[in-house]
Amino acid sequence: MFHIIGVIIIGAIVGLIAKFLVPGRDPGGLIVTPLIGIGGAFIGTYLGRALGMYEMGATLQFIASIAGAVIILLVYRFIRQRSGS
């Protein structure tokens, strides 16, 4: 139970940092921000470990999570802009 709460808290922090790094209007709020962060953590962790850049728990993993969240945020904006919403 505490692991899930920790993942949500870290996801929220990563999502907030990603939103801060990418200027402009951002989607969502209390629900979408942690989801962007959690998704970014998944992408960053998967790519970093697949490329052999780090092991689990490394400091670089947090930075990769932020990079993954920025990628998700940019893709979301691109898709939303193309749909005209």
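What to note about this one:
- Filter pass, Ala18 being at pLDDT 75 or above and under 14 Å from Ile72 (Cβ atoms): yes
- Residues that are closer than 15 Å to Val70 by Cβ and modelled with pLDDT under 85 were ranked within the stretch 39-56; the one that is surrounded by the most Cβ atoms within 10 Å (Cβ to Cβ) is Gly44.
- Conditions (1) exposed (fewer than 12 other Cβ atoms within 10 Å of the Cβ); (2) modelled with pLDDT under 85; number of the one not met by Phe62: (1)
The values are calculated or read from the model by the stated rules, or taken from the named source; none is laboratory data. A quick note: this is a predicted structure, and the numbers were derived from the prediction, not measured. Positions of Cβ are backbone-derived with ideal geometry, glycine not excepted, and every protein chain shown enters the neighbour counts.
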